[in-house]
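Derivation of every value follows stated rules applied to the coordinates shown; laboratory data play no part. In this text the structure is predicted, and so the values were computed from the model without any measurement. Reconstructed Cβ throughout: ideal geometry from the backbone, glycine too, with neighbour counts over all protein chains shown.
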Amino acid sequence: MKEPLKRKNWKLELWSWSKTFAIVFVIAILVRGFMFTNYVVYGQSMMPTINDGDRIIVNKIGYEIAEPNRFDLIIFHATEETDYIKRVIGLPGDTLKYENDTLYINDEPQDEEFLAQFREEQGGGILTDDFTLEDITGEIEVPGGHIFVLGDNRQNSIDSRQIGFVPMEHIVGRANMAYWPLEGFRLF
């Protein structure tokens, strides 16, 4: 009599594990599709903050409930086929300019600590050439519903200086961490 009971328990155990794996799989698909995703970064425009080949995790839901903050690292749709990662510099209503390698937002100088390492590696040279928002976009301030973005590697970045303002609806999400290569693991 014990033999049929063992088979029945084995089948129940298999069914239980199958349901567990199916639930985990569905949750993983939902989390990846709606909450977080990963990207591989190609190019040098965000060096040294993010390097070519780094793998990053992007929070896709944060901007569904809040607006981007200045200096956030974001992923956005640059074209239908291409996504870029850049740093938010100007928010709607901001005026901005660079003068003598210093960022001025609404006529207030800003400390860009994230550039300190790169500035040191470059021997203290100019990272960002002088410009005003009006010079490069024809606008005095960042329009509503848009942001102005720059790459950290200012001399080697295609960003709002070339492509213009980024519409908020093109933002995929905020970069939260780099997880690969392991020695480069860091939170943003």
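Placing one identical point scatterer on every Cα of the chain and ignoring solvent, what is log10 I(q)/I(0) from the Debye formula at q = 0.18, 0.19 Å⁻¹? One equal scatterer on each Cα of the chain leads to -1.23, -1.34.
Please give the FRET efficiency for GLU13 paired with LEU187, using the beta carbon to beta carbon distance and R0 = 35 Å, rounded to the nearest 0.05. So the FRET efficiency works out to roughly 0.30. Computed from phi, the 3J(HN,Hα) profile of the stretch 83-98 under the Karplus parametrisation 6.51, -1.76, 1.60 (θ = phi - 60°) reads 10, 10, 10, 8, 9, 6, 10, x, 9, x, x, 6, 9, 8, 7, 10 Hz, with x in place of Gly and Pro.
Over the chain, DSSP H runs of length four or greater, each weighted -39,500 (n - 2.57), average out per residue to a 222 nm ellipticity of -7500 deg cm²/dmol. Distance between the modelled labels on ASP83 and THR95, one decimal in nanometres: 3.6 nm (7 Å Cα→Cβ projection). Helix 2-30 and the long axis of the chain differ in direction by around 10°, with both axes built from C-alpha atoms. About its Cα centre, the dipole of the stretch 41-187 is roughly 520 debye, where the only charges are +1 on Lys and Arg Cβ and -1 on Asp and Glu Cβ.
For the stretch 169-184, the Karplus equation 6.51 cos²θ - 1.76 cosθ + 1.60, evaluated at θ = phi - 60°, returns couplings of 5, 8, 6, 7, x, 9, 6, 9, 7, 9, 10, 8, x, 4, 5, x Hz by residue, with Gly and Pro reported as x. Starting from the Cα gyration tensor of the stretch 43-137, take the square roots of the eigenvalues, sort them a ≥ b ≥ c, and report rounded, prolate or oblate (rounded when a/c is under 1.5, otherwise prolate if a/b is larger than b/c, else oblate). Judged from the Cα gyration tensor, the stretch 43-137 comes out oblate (a/c at least 1.5, b/c at or above a/b).
Listed peptides 70-83, 10-23 appear in the order 70-83, 10-23 once ranked by packing, highest mean of other Cβ atoms within 10 Å at the front.
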